[in-house]
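Asks: Below: one structure in structure tokens.
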Amino acid sequence: MMAGLKHFRHRRHEVIVFHVLDPAELEFPFRNTVLFKGLEQLPDVLTDPRSLRKAYLREFDKYLHQIKKGCRTNNVDYVQIRTDQPLDVALSSYLASRLSRVG
């Protein structure tokens, strides 16, 4: 992903990453046994989420840090949007912060 963003920046495009995340991805609120559906040919996994929560949150935080750092390094705006947040509010907030930086 970063190579693609870097390519666009190299070609002098303005690049913004809108990272849309479900609150469950950020908070991992699961308590009871859960069947996680495998995507892209990965198998389904039945698990006790309490045993995974700490490791999941640590790995997810590393993943987010890596993406944010890559965006900063390549002069790409990174905007995290939660699916429980109204889109108009998220976009207005981003545009207001951008206007304050540019103006």
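The values are calculated or read from the model by the stated rules, or taken from the named source; none is laboratory data. Since we're looking at a predicted model, the values are computed, not measured. Neighbour counts are summed over all protein chains in view; Cβ atoms, including those assigned to glycine, are modelled from backbone coordinates with ideal geometry. Accessible surface is based on the protein model in full, side chains and every heavy atom, while ligands, DNA and RNA are left aside. Shrake-Rupley method; radii C 1.70, N 1.55, O 1.52, S 1.80 Å.
Asks: Grab the beta carbon distance between E25 and R101, set R0 = 22 Å, and tell me the FRET efficiency rounded to 0.05.
Replies: Between E25 and R101 the formula returns 0.20.
Asks: Taking a probe of 1.4 angstrom, what is the accessible area of V17 in Å², to the nearest 10?
Replies: 20 Å²
Asks: Need the full-extension length gain, R11 to D48, defined as separation in residues times 0.36 nm minus the C-alpha distance. One decimal, nm.
Replies: Net length gain for the segment: 8.6 nm.
Asks: Compute the long axis of helix 53-73 from its Cα atoms, compare it with the longest principal axis of the Cα atoms of the chain, and write down the angle in degrees, 0 to 90, nearest 10.
Replies: Result, in degrees: 10.
Asks: Compute the helix-to-body angle for 87-102: its Cα long axis versus the longest principal axis of the chain, expressed 0 to 90° and rounded to tens.
Replies: With rounding to tens, the tilt is 40 degrees.
Asks: Taking the solvent-accessible surface of protein heavy atoms with a 1.4 Å probe, what is the per residue accessible area of the chain in Å²? Spell out each step's value before the answer.
Replies: Details: 7980 Å² over 103 residues.
Per residue, the chain has an accessible area of 77 Å².
Asks: Could you give the length gained by full extension between A55 and E40, i.e. 0.36 nm per residue of separation minus their alpha carbon distance, to one decimal place? Mind showing how you got there, number by number?
Replies: Working: separation 15, 0.36 × 15 = 5.40 nm, distance 2.23 nm.
Length gained, A55 through E40: 3.2 nm.
Asks: Sticking with this structure for a sec: Under 22 Å Cα-Cα from K68, which lysines qualify once same-chain neighbours fewer than 8 residues away are excluded?
Replies: K6, K54
Asks: For the chain, give the percent of accessible area contributed by carbon and sulfur heavy atoms, probe 1.4 Å, rounded to a whole number.
Replies: Working: 4440 of 7980 Å².
It is 56 percent, rounded to a whole number.
Asks: Report the GluC sites (Glu not before Pro) located in the range 4-46 that are in a DSSP loop and have at most 10 other Cβ atoms inside 10 Å of their Cβ, or state none.
Replies: Passing both the DSSP loop test and the Cβ count: E14, E40.
Asks: Counting only trypsin sites (Lys or Arg not before Pro) that sit in a DSSP loop (anything but H, G, I, E, B) with at most 11 other Cβ atoms within 10 Å, what is the longest stretch of the chain containing none of them?
Replies: Between exposed loop sites, the widest span is 38-103.
Asks: Let me ask another. Quick one: check the C-alpha center-to-center distance for the range 63-80 versus the range 15-60, whole angstrom.
Replies: 21 Å
Asks: Shifting gears a bit: Rounded to the nearest 0.05, what FRET efficiency is calculated for T33 and K62 with R0 set to 30 Å and r the Cβ-Cβ distance?
Replies: Once rounded, the FRET efficiency stands at 0.70.
Asks: Could you pull out which residues in the range 13-31 have an amide N less than 14 Å from a spot 7 Å beyond the Cα of L87, following the Cα-Cβ vector?
Replies: Answer for this model: 18-21.
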